Amino acid sequence: MARGADLAGLTVLALLSVRPSHPYEMHRFVVDTHKDYLTGLPRSLYHAVDRLVRDELIVPAHTGREGRRPERTVYELTGEGRAELATRLRRSLEEVGPDGLVFVAALSMAGCLPPAEVERALRGRAATLEGKVVTAAESLRGLTEGGLPPVLLLEVEYEHALRTAELGWVRRLLARLESGEVTWGDAGNRELLGRTGVDAEPA
């Protein structure tokens, strides 16, 4: 069963889907790639690791020490953890919730899902957004016809403008995915951490 929108936990699952890693390495990756949706670092990341171990979504793979560096435990995904990652990502891409950071986080990790699954989730999101745009427009029209002054309609105008802009962006992304302009594969994901230089720890 899927858990809640735990962005630190989602990030740990996504990084471990690329390769086994230790928490310091994951923390450096988050900092180096400016994943600003995560707050309370590094504590939030380490706490997420503890929760995921408790829930048996990740397990210690081995513990080792390199040179004079502190001893570090490397973690890897379990089968349940990999399934949980896919469930959380699909839901976060598809559902339109009150916290926009959830969608931002899911987009940053969309490469953990096959492109076809991302497309399906985004089509679901687009359908929900279309409904919200229509509802906001009808609400705005009804309130205006009811004689409310513009100053009392600003939040409805904002909601309509926000959802309209997001719907347009999602539609454009879908077009790019469908045309093959934006795509990815497993091989590229496996090289992701290495390309960012996260192994360059201080001695």
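The values are calculated or read from the model by the stated rules, or taken from the named source; none is laboratory data. What you are looking at is a predicted structure, and each value in this text was computed from that prediction instead of being measured. Methodologically, a virtual Cβ is constructed for each residue, glycine included, from the backbone with ideal geometry; neighbour enumeration extends over all protein chains shown. Keep in mind that these areas ignore ligands, DNA and RNA; they rest on the heavy atoms of the full protein, side chains included. Shrake-Rupley method; radii C 1.70, N 1.55, O 1.52, S 1.80 Å.
Results, tabulated for the structure shown:
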quantity	calculated
Checklist (1) touching a helix residue (DSSP H, G or I) at 6+ places or on another chain (Cβ under 7 Å); (2) open to solvent by less than 20 Å² (accessible area, probe 1.4 Å); (3) in contact (Cβ under 8 Å) with a residue 40 or more places away in the chain applied to Leu45, failing item	(3)
Given (1) on the phi < 0 side of the Ramachandran plot; (2) without any contact (Cβ under 8 Å) to a residue 12 or more places away in the chain, index of the condition Arg123 fails	(2)
Selection status of Val30, open to solvent by less than 30 Å² (accessible area, probe 1.4 Å) and in contact (Cβ under 8 Å) with a residue 24 or more places away in the chain	no
Yes/no for Pro23 being of a type outside the set (Lys, Arg) and either under 30 Å from Ser179 (Cα atoms) or buried (at least 16 other Cβ atoms within 10 Å of the Cβ) (or both)	yes
Per-region count, segment 25-45, residues within 21 Å of Cys112 (Cα to Cα) and either among the charged types (D, E, K, R) or assigned to a helix (DSSP H, G or I) (or both)	11
Residue match in segment 76-97 (condition: open to solvent by 70 Å² or more (accessible area, probe 1.4 Å) and touching an Asp or Glu at 6+ places or on another chain (Cβ under 8 Å))	yes
Residue in segment 139-161 that is in contact with a strand residue (DSSP E or B) (Cβ under 9 Å, 6 or more places away or on another chain) and modelled with pLDDT under 95 present	no
Single unsatisfied condition, Ala187 versus (1) at pLDDT 90 or above; (2) within 25 Å of Ser92 (Cα to Cα); (3) assigned to a helix (DSSP H, G or I)	(1)
Selection within segment 143-173 - closer than 28 Å to Phe29 by Cβ and surrounded by 14 or more Cβ atoms within 10 Å (Cβ to Cβ)	Glu166, Val170, Leu173
Complete set of residues in segment 128-142 that are of a type in the set (A, V, I, L, M, F, W, C) and exposed (fewer than 14 other Cβ atoms within 10 Å of the Cβ)	Val134
Hey, Arg72 at negative phi and open to solvent by 60 Å² or more (accessible area, probe 1.4 Å) or not	no
Criterion violated by Glu56 - all others in (1) surrounded by 13 or more Cβ atoms within 10 Å (Cβ to Cβ); (2) closer than 14 Å to Gly9 by Cα satisfied	(1)
Exclusive hit being farther than 23 Å from Lys35 by Cβ, acidic (Asp, Glu) and at pLDDT 95 or above, set Glu166, Glu95, Glu117, Glu130	Glu130
